[in-house]
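The values are calculated or read from the model by the stated rules, or taken from the named source; none is laboratory data. Since this is a predicted model, take the numbers as computed values, not measurements. Heads up, the Cβs are rebuilt from the backbone with ideal geometry, glycines too, and the neighbour counts pull from every protein chain shown.
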Amino acid sequence: MRRCAHTGEVALRTRRAPGKALTLLAALGACAAWVAAPAQAGAAAPAVPAVKSSLRCSVSPRDPLLGHVLHWVIRARDLPELPMLRAQGLGSGWLLQGQQSERMAGAGSSSQTLRLELYPLAAGELALPRLRVGSRSCAARTLRIAPAAPGQAPRYLATRIDTGRPTVGQAVRVRLDAASDGGLVWQAPEARCDSGLLRPLGSVSTRIDSGGRVIEVQRWTWSFTPLRAGGTTIRFGLLRATRFGSLRVYSVPSLPVRVRALPAYWPAGAPVGSATLRVEPAPRRLSIGDTGVLRASLQGVQVGRQALSRLLDRTQATAGLRLYPARVSRQSVSTPDAAPRWRIELPFRVLRAGRLAYPQLRLAYYDPGFGAPRLASAGWGRLRADDPRPLRVVLACAGVGLLVLLLALSRLALPAVLAALRRRRLRRLAERGDVERMLLLWRRALARGEPHAATLGAWWAAVLRASRTPHDPELDALLAAAQQRLYGRPPVTGDDAPG
């Protein structure tokens, strides 16, 4: 360094001695190379160590419970992208409810986080699979799933079928009970079977006796109708419930069922079960031509709408009644049965009078409990049909006679009524002494060309005859006053008086 400084001094001095420029420049270059060489060697010596990649897997909570959520968190550093996991890779003991992936990258490093929401579907030991990303891996991990929290009994879950061994075509009840401690809001599960028909009947909260203790359960019910004989299985979907926004998931065990075959002689689609027929009261008195409807209900047997309609069309019509095609509809009830409840309507028309019998309703069905076909029957009794035609003829004749009588009376009474009205008007003229009105009426009759209006006296005599007015001095005085005004001389009494 001293030499470099000395050389610098020499260089400064050379600015005063231009003759030695080349020599001094060479010296300065050598000095700069001597100073830079140790600095470069020192910078390369302490190399920065490279960041190591890592993969860490953790679960929470430490003591997982059946049906409760388990969080599996995977964190990777400076590794390839974490793959999204599939439910198949976790095994049948886990439900993958959801997963979230986060990635952050900086100068020369990156980090990733994968969060999975898992629900254990079985108690006991469950394994999380081995996970490998790049050159790092998380070993497989075995977790012990507790059936319930310490001090609590495991959640009660049970399935059952009302009839231990149903027959093909027989509708039976299938039930699923789940213990319902407070605050749980349940979602209706699904039920399915490859060789049978399942129809939901609803749910209800009830209490049952389980091992000597009474517990509250939520009960779901289905109607199950097997379609094939032999062994079959009813499978249920996952049972979900929420408590204050927290999801619970439980696996429901399958229900194996053994199904008996129908006898070979019993046709497919015919009723199976234990039928009950009930009829509603029918009309007891009708007339010829009247129509009505016979109503009944059927329950306890599994049968389709079309098959039941074909069976009802075979109902025999009785004498005097005409039956029309039956109408069948499904009844809605507050507590549905395993088998549908049907409402039956038979329209009819009365054809003749007398004591008539309603038809008898008969339905053949196969009773699995009895092991043989049986017959359900019900009837509406009898009715009395009247023939209103003779009475109608009598009433018609009486009506015609009354009309003729009224016409005759009106023909006789009308002239008398008109005459009375005329007499009343004439008396009013006489009482008022209204000569002007009398003369006006006569002139109108004269203008109309009435034959008896040629003279005032003749017209007045005709008016008195038409009104059937007896001799009245007041009317005579009114005529005299009118003649006096008309002719200017004393009147001449009699029909021949001059006009």
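Laid out as a table, the results:
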item	result
Every residue from segment 191-217 that is exposed (fewer than 14 other Cβ atoms within 10 Å of the Cβ), modelled with pLDDT of 90 or more and assigned to a loop (DSSP other than H, G, I, E, B)	ASP194
Segment 154-172 - residue that is assigned to a loop (DSSP other than H, G, I, E, B) and out of contact with any Ser or Thr (no Cβ under 9 Å at 6 or more places or on another chain) and, of those, surrounded by the fewest Cβ atoms within 10 Å (Cβ to Cβ)	GLY164
Any hit, segment 121-140, residues being in the same structural domain as ARG243 (by TED's automatic domain parsing), of a type in the set (Gly, Ala, Ser), in a strand (DSSP E or B) and modelled with pLDDT of 90 or more	no
Top-ranked residue in segment 442-491 [being outside any loop (DSSP other than H, G, I, E, B) and among the polar types (S, T, N, Q); ranked as surrounded by the most Cβ atoms within 10 Å (Cβ to Cβ)]	GLN483
Single residue of segment 127-143 satisfying the filter (touching a residue at least 24 places away in the same chain (Cβ under 8 Å) and among the basic types (Lys, Arg)) that is surrounded by the fewest Cβ atoms within 10 Å (Cβ to Cβ)	ARG141
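Per-residue answers, yes or no, for (1) over 19 Å from the mean Cα position of the chain (by Cα); (2) over 30 Å from GLY202 (Cβ atoms):
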{"residue": "LEU321", "(1), (2)": "yes, yes"}
{"residue": "SER332", "(1), (2)": "no, no"}
{"residue": "ALA338", "(1), (2)": "yes, no"}
{"residue": "ARG341", "(1), (2)": "no, no"}
{"residue": "ARG349", "(1), (2)": "yes, yes"}
